[in-house]
Amino acid sequence: MTLEGDEGEEAREIALVMIDKSGYFDLINSEQDPRVAYIGGSVYPNLPPRARDFASNLHYLFRSSVVLHEDAGDAEREVLSRWSSHCLDVATAYALGGPEGSPPAPPWLVDCDAALKNTLRERYPDVDEVSVSCSFERRLHAWSIPADKKIRISAVTREYLRTLNLIFWNAIQATAFGERAEFDYRGGWDAIRESRDRIGDAMLPYLASPYRRLDLSLFPVWRAASVDAYSMAVRWTMVQLTFMLAHEYAHILLHAGHVAGNRDLEKEADYFAYRVIASDSFPGKSNLVVDWPSIDWYFRMLAMQSSIGRLLNDCSADWQQDVIRRRGLEIHSMANFLGVRRGVLALDSLVSVTHVAALQHFVRDLGEDGVRGRVGDFLASRTKGG
């Protein structure tokens with residue numbers, strides 16, 4: 001199938017259908033070999049486990065390029081349904097060992113890596129020797145091999161982050177944070193508390209998926225409350241991904257020969273990434289005061305994911321996650337160093353803190369048995385072969 005539209009806009013609206021040009025939209029939105037058509041529905045359920053895992057992850061990635069507005073009707077739902085079926089066909093073809101093997105790196109990774117290299121090249125001439133590639137695992141993760149000058153990131157990371165950011169920005173609109181100058185702090189916090197179960201139920205499967213065999217093809221397709229909410233989700237996701245990749249560049253350019261996992265080196269890599277994002281030569285610096293809290297939000301999500309992972313692996317809960325949270329808190333001292341206005345930072349951070357606090361209270365109130373039960377219920381309702 002082919003969806004028509006203008007080229008060049010990263011996130012744009014066609015009626016009530018939004019298209020993400022940074023994902024795999026252009027790869028999938030082309031005339032395909034007719035032999036590929038309809039194999040998803042007939043072949044996908046019978047794929048071997050590993051091949052089905054691969055197809056499931058690819059289907060999730062491909063399908064995520066099209067998002068509906070909350071006000072979308074039957075016509076738009078039909079568009080998404082046809083698109084999802086087409087994506088499943090292509091994902092299944094890749095899983096069967098198509099002629100091209102795995103899909104190429106998505107546009108967001110190519111563009112982000114090019115921007116980082118352009119920013120770093122003057123000071124680090126050997127930056128072009130670093131190769132960046134993607135995997136297709138269900139992970140919120142990037143890693144590097146300094147000795148080989150290689151960086152890897154899961155393509156699923158980007159769609160996880162974008163989904164979590166979209167749930168977050170939808171919640172902002174639903175709780176009157178949209179117009180900060182008119183925000184009712186008491187009413188806004190009450191609204192967040194009232195909606196926390198909905199937000200928690202929405203995010204919990206994504207945070208749990210690295211620890212359980214969940215079929216991403218069966219995850220819900222989240223809608224956008226508005227074009228602005230979707231655009232902010234895409235924008236924040238790109239800032240978070242840039243931070244992740246810049247952090248790994250630091251390990252290659254600064255830490256070759258050092259033992260991995262050293263806390264001081266991790267802190268140095270974080271500061272390196274902050275400086276890259278804030279540098280005059282890096283695209284988007286003028287929007288830093290708006291985008292800066294996205295990194296704090298990223299670390300808070302990592303902490304929540306780690307806490308949930310411990311519970312699902314039958315370990316005692318660690319709600320503090322001090323090591324991860326301490327890395328996130330460094331953002332405030334770094335913001336001072338880079339001259340980010342504290343008033344704007346504090347107000348934007350409030351948005352993140354209040355929603356994550358609600359999510360943390362939701363998970364803690366569930367308790368260890370409750371978290372395992374909720375994930376088990378989700379797994380039972382959307383399990384492979386089910």
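Rule-based calculations on the coordinates, nothing more; no lab input. Computed from a predicted structure; not experimentally measured. Heads up, the Cβs are rebuilt from the backbone with ideal geometry, glycines too, and the neighbour counts pull from every protein chain shown.
Sort the following peptides by mean Cβ neighbour count (other Cβ atoms within 10 Å, averaged over residues), highest first: 112-122, 86-96, 298-308, 214-224.
Packing order, densest peptide first, comes out as 86-96, 298-308, 214-224, 112-122.
Apply the Karplus parameterisation 6.51 cos²θ - 1.76 cosθ + 1.60, with θ equal to phi minus 60°, to every residue of segment 107-114 and state each ³J(HN,Hα) to the nearest whole Hz, in sequence, with x for glycine and proline.
Each residue of segment 107-114 in turn: x, 4, 6, 4, 5, 5, 5, 5 Hz.
Could you work out how much longer the chain between residue 361 and residue 81 gets when fully extended? Use 0.36 nm per residue separation minus the Cα distance between them, nm to one decimal. Walk me through the numbers before you get to the answer.
Numbers: separation 280, 0.36 × 280 = 100.80 nm, distance 3.54 nm.
Separation in residues times 0.36 nm, less the Cα-Cα distance, equals 97.3 nm.
Taking θ = phi - 60°, what integer Hz values does the Karplus form 6.51 cos²θ - 1.76 cosθ + 1.60 yield along segment 218-233, in sequence order, with x for Gly and Pro?
With coefficients 6.51, -1.76 and 1.60, one gets 9, 6, x, 8, 6, 8, 9, 5, 6, 5, 4, 4, 5, 4, 5, 4 Hz.
Obtain the nm distance between the two label points defined at residue 102 and residue 227 by a simple spin-label model: each point lies 7 Å from its Cα along the Cα-to-C-beta direction.
Placing both labels 7 Å along Cα→Cβ, they lie 3.6 nm apart.
Loop only by DSSP, 16 or fewer other Cβ within 10 Å of the Cβ. Give me the GluC sites (Glu not before Pro) in segment 69-98 that pass, ordered by residue number.
For GluC sites (Glu not before Pro) across segment 69-98 that sit outside H, G, I, E and B with at most 16 neighbouring Cβ atoms in 10 Å, the list reads 70.
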